[in-house]
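Beneath this line is the structure, given in structure tokens, with notes to follow.
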Amino acid sequence: MMDEKFEIWAMDYMSGNLSESEAKEFEFFLEGHGEYREKYDDLLKAWELLQAIQTPEPSESMDEAFFTMLSSEMEKKEDKAPKQSVISMLSGILRPQWAIGIFLLMIGLGVGYFFRPEVEPIPTQIMAANNETEEVRQKLVLTLLDQPSANQRLQGVSEANKFENADDIVIRALLKTLNSDPNVNVRLAAIESLTNYVDKPEVRQGLVQSIPNQESPILQITLANLMVALQEKASIEPFKQLLKQKQLDTTVKKRIERSIESII
């Protein structure tokens, strides 16, 4: 409970909501408590990152633009080499003086085809190796996320970021981490990792459902900013329920109210 009160105290200090005497009291507290000084430094870094996030103006086309961007990124991974039909390629070279040369070339290709050595296609080997790597990484992620050390769990989230497309097992593990991990930094890392898969309905739903489970002001603000960026209307009701909490920090309350207005 003391950690939660300290987070709210630190948030009020960083946002300038404390009086001069209260600010000095907070600074004096930090000088006498080294462990809380470290917590404050971590909170300050996260706060500065959050302040750098500019809340976009709401628009009806935001969702469409978001998925268009995702689609564009996926298309970039596809082969972009220009494709020509056999007819179009031959039309430029089928000239009378080259007819014999082309005929001999086709014979050579035919002989090469029938007498080629039996070799397993390279793409199949690469796919098998990639699948094996993904399975190993999945086991590593699940193992690390279950460790008692926060640093190891952070490493597990970092490994999850390396998936080209995480499966349902990894996504469920990340959502569980977001909802139940005792470390705020690990939960923040889980949110960052899950933003890679917001095109999946189950991820969006999981992020919305996690809102009532967050007691840390930084996590509450992070989710508020994310829901605005996604224009996720399903998050409005959970945020309204959050606003009814008497112990909700003033800074968080104002940010959530602005987020609801932006989504509506």
Open item on the list: Within the stretch 228-245, does at least one residue satisfy the condition of being part of a loop (DSSP other than H, G, I, E, B), without any contact (Cβ under 8 Å) to a residue 24 or more places away in the chain and either crowded, with 17+ Cβ neighbours inside 10 Å or at negative phi (or both)?
Closed with: yes
- [ ] Looking at (1) under 25 Å from residue 262 (Cβ atoms); (2) at pLDDT below 65, find the lone condition where residue 2 falls short.
- [x] (1)
TODO: Report yes if residue 231 is more than 21 Å from residue 43 (Cα to Cα) and touching an Asp or Glu at 6+ places or on another chain (Cβ under 8 Å), otherwise no.
DONE: yes
Task: Residues located in the stretch 200-234, provided they are charged (D, E, K, R) and over 13 Å from the mean Cα position of the chain (by Cα) - done: 202, 215, 232, 233
Task: Residue check for residue 249: in contact with a helix residue (DSSP H, G or I) (Cβ under 6 Å, 6 or more places away or on another chain), in contact (Cβ under 8 Å) with a residue 40 or more places away in the chain and surrounded by 20 or more Cβ atoms within 10 Å (Cβ to Cβ) - done: yes
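The values are calculated or read from the model by the stated rules, or taken from the named source; none is laboratory data. Computed from a prediction, not measured in an experiment: that's the story for all the values here. We place every Cβ from the backbone using ideal geometry, glycine too, and count neighbours over all the protein chains shown.
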